[in-house]
């Protein structure tokens, strides 16, 4: 694993991120010789991560969903 001083990382951040993305090799960032961070490649996107439509078929309708829940006579405004 390659190590890089934080000052050099700060100056070349975008190119380091591109390099990590292309080579899939992490880079350790150091400050005064002590590791403080590690830049690792992002995991591949999950095909199931698309939430739209992910709950299709999981719901269950029980009872009447069309008629009102309360009787109209229960409301003062409708009298």
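Quick look at the values:
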item: Calculated P(r) tail over 17 Å for the stretch 1-42, as whole % of Cα pairs; result: 20 percent
item: Gain on full stretching of the segment that runs from residue 25 to residue 11 - 0.36 nm per residue minus C-alpha separation; result: 3.1 nm
item: Packing-based exposure ordering (other Cβ within 10 Å, fewest first) of 29, 65, 6; result: 65, 6, 29
item: Difference of contour (0.36 nm per residue) and Cα-Cα distance, residue 1 to residue 61; result: 16.1 nm
item: Packing rank of 53-60, 17-24, where each peptide gets the mean count of other beta carbons within 10 Å, highest leading; result: 17-24, 53-60
item: Full-stretch length increase - residue 70, residue 18 - with 0.36 nm per residue and alpha-carbon distance subtracted; result: 12.6 nm
item: Where the Cα pairs of the chain fall when distances are cut into 10 Å bins, in %; result: 14, 24, 12, 12, 10, 10, 14, 5
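None of the figures in this text is laboratory data; all of them are computed from the coordinates on show. Everything quoted here is computed from the prediction, not taken from an experiment. No Cβ is skipped: glycine too gets one built from the backbone with ideal geometry, and neighbour counts run over all protein chains shown.
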